[in-house]
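For reference, the structure discussed in these notes is given below.
The values are calculated or read from the model by the stated rules, or taken from the named source; none is laboratory data. Computed from a predicted structure; not experimentally measured. Areas reflect the complete protein model, heavy atoms only, side chains present, ligands, DNA and RNA absent. Shrake-Rupley method; radii C 1.70, N 1.55, O 1.52, S 1.80 Å.
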Amino acid sequence: MQPFTLNYARPAVQLEVSAPYAYDSGLQLNVLPDGRIAATDHATLRALGTTTSTAGSKTHFDD
């Protein structure tokens, strides 16, 4: 017998998104191509809502 929810469950869709910023390991922050900190750019925050990265998991063993 198959559980009811499996009749409707679908795999998550993987979206191809390229962020307009990159992680700078020296600063441990996301930076824009012109060198500004991404978190201080209001247009980027409005468009994306956040500037998340993997910084925590790379620098802290207990994340």
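General observations
- Accessible area (Å², per residue) of the range 1-45, counting only protein heavy atoms and a probe of 1.4 Å: 89 Å²
- Compared with the alpha-carbon gap, the fully stretched path from ARG46 to GLN28 is longer by 4.3 nm at 0.36 nm per residue.
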